[in-house]
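The next block holds one structure in the form of structure tokens; read it before the comments.
Every number here is computed from the coordinates shown, using simple stated rules; none is lab data. Note that the structure is predicted; figures quoted are calculated from it, not measured. Cβ coordinates were reconstructed from backbone atoms using ideal geometry, including for glycine residues, and neighbour counts include every protein chain displayed.
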Amino acid sequence: MEKELLKLTLDYIFKHGFSKISHPKGLAFLLQAILRTNIKGFKHVHPEVPRETPESKTVIYDISVELDDNTRVDIEMQPYFRKEHIDRMFYYGTRLMHIKRGEDYFTLNKGAVIVFINDKDHFFPYPVSAYVQGEWTGDLKHILTEKLVYYFIAMDRINEIEVNEENRDIILLLKFLTGTRREEMETLARQNEGLKEVLEVLVEISQNPEERAIADARDKFLWDLAVSMKVEREEGREEGREEGRIEGRVEGAIQTAKAMIAAGFDVETICKATGLSPEDLT
């Protein structure tokens with residue numbers, strides 16, 4: 001019996017659906033819809049950015065690519081959005097920038113961080129909110145640099161996006177990402193070759209018992225984390241008790257990781273399923 005499709009709004013499944021090298025059209029369509037530019041070509045970049053020092057935190061992107069004009073793009077799926085994610089995304093953005101020894105700073109590449117979220121509290125002013133690094137607003141508006149741009153895309157606010165030709169692609173993309181029925185997603189995919197490729201991958205992994213087990217574990221972990229942090233904020237727990245809760249969540253994730261290690265999963269998969277970093281596993 002054919003299983004129901006897994007959710008593209010789960011980061012683990014999103015990554016598989018859009019980053020398969022043999023199926024590049026879906027990711028090209030996503031980039032074009034968000035960046036609103038013609039994507040001539042791109043190459044995948046390893047999602048893990050090595051630590052600069054032993055004390056630095058490792059960065060693992062959901063999807064990382066470099067466009068033909070050397071722009072580095074990080075794409076993140078964060079359906080259980082919390083304000084704490086903003087600082088994390090800013091840190092991710094800074095790690096996209098690179099320059100070689102001996103080169104002038106004007107050769108610094110551009111970077112873009114695309115974050116798909118659910119924004120039921122309307123934290124962001126628009127369903128598609130873009131922020132330029134270094135913007136200052138006073139009597140005059142002055143942007144220090146446009147080298148780094150952040151896009152926060154509220155998937156649950158599709159109905160707020162004006163329906164016109166300019167927004168056609170992004171509306172199609174968001175409806176596809178949030179689709180829950182196969183028939184609905186097949187109808188949407190018929191409108192774009194890239195989405196057809198993503199749907200092919202999604203159908204394939206949705207029938208794989210191992211992939212479903214990882215997806216279920218990852219979804220449960222993220223849900224438990226989101227609920228726990230929501231309760232803590234609402235009840236205003238003192239710092240010591242909150243730290244205890246965080247330690248408990250980390251310990252639970254470590255236990256899940258140990259079970260996955262015993263089952264033979266690779267480090268990257270374990271990190272994506274548990275939210276741990278590679279150094280947490282050593």
Next item on the list: Quote to one decimal, in nm, the extra length available between Q191 and R101 on full extension: 0.36 nm per residue of separation minus the C-alpha distance between them.
Entry: 27.8 nm
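Calculate the dipole size of the chain relative to its Cα centre from +1 charges on Lys and Arg beta carbons and -1 charges on Asp and Glu beta carbons; express the result in debye to the nearest 20. Provide the component values of the computation, followed by the final result.
On the way: 39 positive and 52 negative charges, 78 e Å.
Dipole magnitude for the chain comes out near 380 debye.
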Notebook entry, point to check: Considering the chain as a Gaussian network with a 10 Å cut-off on Cα pairs, which listed residue, K83, K147, K100, attains the greatest mean-square fluctuation?
Noted result: K100
Checklist line | Inter-probe distance in nm under a simple model that places probes 7 Å from Cα toward Cβ, at E268 and E84 | finding: 2.7
Note to self: So if I place +1 on the C-beta of Lys and Arg and -1 on the C-beta of Asp and Glu, and nothing else carries charge, what would the dipole magnitude of the range 91-201 be about its Cα centre? I want it in debye, nearest 20.
What the structure shows: 420
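Please find the FRET efficiency linking V45 to L144, where r is the Cβ-Cβ separation and R0 is fixed at 22 Å, and quote it to the nearest 0.05. Numbers along the way, then the final one.
Working: r = 26 Å, r/R0 = 1.18.
According to the calculation, E is roughly 0.25.
Hey, any idea what the orientation-averaged projected area of the convex hull of the chain's Cα atoms comes to, in nm²?
On the way: hull surface 73.3 nm².
For the chain, averaging the hull's shadow over all directions gives 18.3 nm².
What number, in nm² with one decimal, is the all-direction average of the projected area of the convex hull of the alpha-carbon atoms of the range 1-51? Walk me through the numbers on the way to the answer.
On the way: hull surface 21.9 nm².
Its Cα hull, projected and averaged over all orientations, spans 5.5 nm².
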Margin query: Please compare each pair in K120/K175; K25/K175; K15/K196; K7/K258 to a cut-off of 19 Å on the Cα-Cα distance and tell me which ones are over it.
Written below: K7/K258
Checklist line | Listed residue (V113, H23, T9) projecting farthest to the positive dipole end of the range 1-150, Cβ model | finding: H23
Check: With labels modelled as points extended 7 Å from the Cα through the Cβ direction, what inter-label distance (nm, one decimal) is found for I261 paired with T58?
Finding: 1.1
Item checked: the range 99-174: translational diffusion in µm²/s, Stokes-Einstein, Kirkwood Rh over Cα pairs, 20 °C, 1.002 mPa s -> 145
Item checked: Among G138, G111, G17: highest mean-square fluctuation, GNM of the chain, C-alpha pairs under 10 Å -> G138
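Determine the gain in length on full extension of the stretch E4-Y126; use 0.36 nm per residue of separation and subtract their C-alpha separation, reporting nm with one decimal. Intermediate results must be reported in sequence, preceding the final value.
Numbers: separation 122, 0.36 × 122 = 43.92 nm, distance 3.23 nm.
That works out to 40.7 nm of additional length.
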Notebook entry, point to check: With labels modelled as points extended 7 Å from the Cα through the Cβ direction, what inter-label distance (nm, one decimal) is found for R168 paired with W136?
Noted result: 4.2
